[in-house]
Amino acid sequence: MDKFENKVWLSSPTMHEDELKYITEAYESNWMSTVGKNIDEVERLICEKVGCKYSVALSSGTSSLHLAVKLAGVKPGDYVFCSDMTFAATVNPVVYEGGIPIFIDTEYDTWNMDPIALEKAFLLYPEVKVVVLVHLYGTPCKIDEIKAICDKYNAIIIEDAAESLGATYKGVQTGTFGDYSAISFNGNKIITGSSGGMLLTNDKEAANKVRKWSTQSRENAPWYQHEELGYNYRMSNVIAGVVRGQLPYLEEHIAQKKAIYERYKKGLKDLPIQMNSYDKDNSEPNFWLSCMIINKEAMCKQVRSETEALYISEKGKSCPTEILEMLAKYNAEGRPIWKPMHMQPIYRMNPFITRNGNGRAKTNAYIEGSSIDIGMDIFDRGLCLPSDNKMTEEEQDKIIEIIKECFQ
Ligand SMILES: *Cc1c(COP(=O)(O)O)cnc(C)c1O
């Protein structure tokens, strides 16, 4: 097989020309700042699509999560329960406010926060009042179970829907399950503004606070008057133009991503692997990234340090490191599973709660038969596959062949 002439990306921006129209409108009317028609339209359209009452367009998903943490009233020293297997931007905003993330282990059904571990965490820390959860790779988490536990303990939910725009749970869009929810328009997401994000809520007062905080917390006065700490977090009208042009294509992108997932599922069905799974009865992911996990018995030996990985090739077996190296050799971009937060050096001192106990495994290497936590296990055996919606069927067939070859 030859290398791909054009790199096959994990997930890259897909433009449709309308973006240029709205950017140009902003330029020609000179609304080049953080006020304008594109921002108003994008806020209106997202509320309409997602079904939330209020949305505030901000500079990123991370800034949206930060202001959500502020709204939730997290104070220095407060513990906050957080999804463990996620991108760091889910949990860093807790620390911006001085909070201390307590990581909750993952379950195998959706690769999201394990409700059993969450319940266990509330028994250990009944004072916790805020839970930050994510819908990883666009797959809705076990929302009903988690909501029931949060209601029981009177905890607020911050929902990180950065990867899951357009995904639904029991027919309801993600981004509506948190008291405060965040979405992202970063360049690799299902639709993009090149950057940008939004805070979503049904609480009018909360939305107004975020609007104010995000524009430097200016009071109504003839001069710059400040009673509260402010931020420069508002979305630009130019960025909003890109988002506005993308929005009509959200469903098309989801359909393309779903087709990619189904093709992988079919093409890889004879290998000792599983695709990332979801609750088929209750949820419809947006299939942002297709992922796979290798069966335990089909793992060759793989060892990872903090920054490097080695494996020993073995007939009939493979590992994420081998597959990722092979993909890279052919000019295709895969990626390891997002390394769980409890395994990150920056969070090594934070509590981590699993369904079986409060503890960390002593090694992050995959050792047959060792009982490691679920997040670590998915990180060891899983990987994200090239999931770009511009990938052709021929290109995807070749990627499937490359993966099959790893197991030869
Ligand atoms: C991308 C992402 C974010 C951050 O969004 P930005 O717009 O890049 O700041 C937060 N959480 C998750 C899960 C993400 O994937």
* When you look at LYS329, is it modelled with pLDDT of 95 or more, surrounded by fewer than 18 Cβ atoms within 10 Å (Cβ to Cβ) and outside the structural domain of PRO101 (by TED's automatic domain parsing), yes or no? -> yes
* To do: Return yes when GLY316 is outside any helix (DSSP H, G or I), at pLDDT 95 or above, of a type outside the set (A, V, I, L, M, F, W, C) and surrounded by fewer than 21 Cβ atoms within 10 Å (Cβ to Cβ) and no when it is not.
  => yes
* Asked: Only one of (1) within 16 Å of the ligand (Cβ to nearest atom); (2) crowded, with 19+ Cβ neighbours inside 10 Å fails for LYS142. Which number is that?
  -> (1)
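I'm trying to understand the selection: among the residues of the stretch 332-348, which are surrounded by 21 or more Cβ atoms within 10 Å (Cβ to Cβ) and closer than 29 Å to ASN389 by Cα?
Our first condition is that a residue be surrounded by 21 or more Cβ atoms within 10 Å (Cβ to Cβ); within the stretch 332-348, this holds for 332, 334, 337-338, 340-343, 347.
Scanning the stretch 332-348 gives ALA332, GLY334, ILE337, TRP338, PRO340, MET341.
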* Go over the candidates ASP40, ASP109, ASP2 one by one and state the one that is in a helix (DSSP H, G or I) and either more than 16 Å from the ligand (Cβ to nearest atom) or of a type outside the set (A, V, I, L, M) (or both). => ASP40
* Return the residue satisfying two criteria in turn: it lies in the stretch 44-66 and is part of a helix (DSSP H, G or I) and within 10 Å of the ligand (Cβ to nearest atom), and of such residues it is surrounded by the fewest Cβ atoms within 10 Å (Cβ to Cβ). => THR62
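Scanning for something within 10 Å of the ligand (Cβ to nearest atom), among the hydroxyl-bearing types (Ser, Thr, Tyr) and surrounded by 23 or more Cβ atoms within 10 Å (Cβ to Cβ), does the stretch 203-217 turn up at least one residue? Outline the logic, then answer.
Step one: filter the stretch 203-217 for residues within 10 Å of the ligand (Cβ to nearest atom), giving none.
The answer is no; no qualifying residue exists.
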* Asked: Restricting the stretch 79-105 to residues that are β-branched (Val, Ile, Thr) and part of a helix (DSSP H, G or I), which is farthest from the ligand (Cβ to nearest atom)?
  -> VAL95
* Any chance you could count how many residues in the stretch 319-335 are touching a strand residue (DSSP E or B) at 6+ places or on another chain (Cβ under 8 Å) and assigned to a loop (DSSP other than H, G, I, E, B)? => 4
* Asked: Checking ASP151 against (1) crowded, with 22+ Cβ neighbours inside 10 Å; (2) more than 16 Å from the ligand (Cβ to nearest atom); (3) more than 18 Å from the chain's Cα centre (by Cα), which test does it fail?
  -> (1)
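Could you please let me know if VAL69 is away from the ligand (no atom under 14 Å from the Cβ) and under 19 Å from VAL210 (Cβ atoms)?
On the way: away from the ligand (no atom under 14 Å from the Cβ): no; under 19 Å from VAL210 (Cβ atoms): yes.
Spelling it out, it is not the case that VAL69 is away from the ligand (no atom under 14 Å from the Cβ) and under 19 Å from VAL210 (Cβ atoms).
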* Restricted to the stretch 261-305, and to residues that are without any contact (Cβ under 8 Å) to a residue 12 or more places away in the chain and not in a loop (DSSP other than H, G, I, E, B), which residue is farthest from GLN173 (Cα to Cα)? -> LYS266
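Any idea which of GLN274, GLN225 is in the same structural domain as MET299 (by TED's automatic domain parsing) and either in contact with a helix residue (DSSP H, G or I) (Cβ under 8 Å, 6 or more places away or on another chain) or away from the ligand (no atom under 16 Å from the Cβ) (or both)? Write out each step before concluding.
Values: GLN225 fails: in the same structural domain as MET299 (by TED's automatic domain parsing).
Unique residue meeting the criteria: GLN274.
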* To do: Report the residue count in the stretch 122-174 for those that are in a loop (DSSP other than H, G, I, E, B), more than 26 Å from PHE379 (Cα to Cα), in contact with a Lys or Arg (Cβ under 9 Å, 6 or more places away or on another chain) and in contact (Cβ under 8 Å) with a residue 60 or more places away in the chain.
  => 1
* Please work out if VAL210 is within 18 Å of LEU65 (Cα to Cα) and touching a Cys at 6+ places or on another chain (Cβ under 9 Å). => no
* Asked: Could you list, in sequence order, the residues of the stretch 167-190 that are crowded, with 18+ Cβ neighbours inside 10 Å, over 13 Å from the mean Cα position of the chain (by Cα) and either within 19 Å of VAL42 (Cβ to Cβ) or not hydroxyl-bearing (Ser, Thr, Tyr) (or both)?
  -> GLN173, THR176, PHE177, GLY178, ASP179, TYR180
* Asked: Any residue in the stretch 185-199 that is within 21 Å of TYR54 (Cβ to Cβ), in a loop (DSSP other than H, G, I, E, B), within 16 Å of the ligand (Cβ to nearest atom) and touching a Pro at 6+ places or on another chain (Cβ under 7 Å)?
  -> no
* Every residue from the stretch 200-229 that is in a helix (DSSP H, G or I) and not β-branched (Val, Ile, Thr) -> LYS204, GLU205, ALA206, ALA207, ASN208, LYS209, ARG211, LYS212, TRP213, SER214
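The values are calculated or read from the model by the stated rules, or taken from the named source; none is laboratory data. All of these numbers come straight from a predicted model, not from anything done at the bench. Ideal geometry is used to build each Cβ from the backbone, glycine not excepted, and the neighbour counts take in all protein chains shown.
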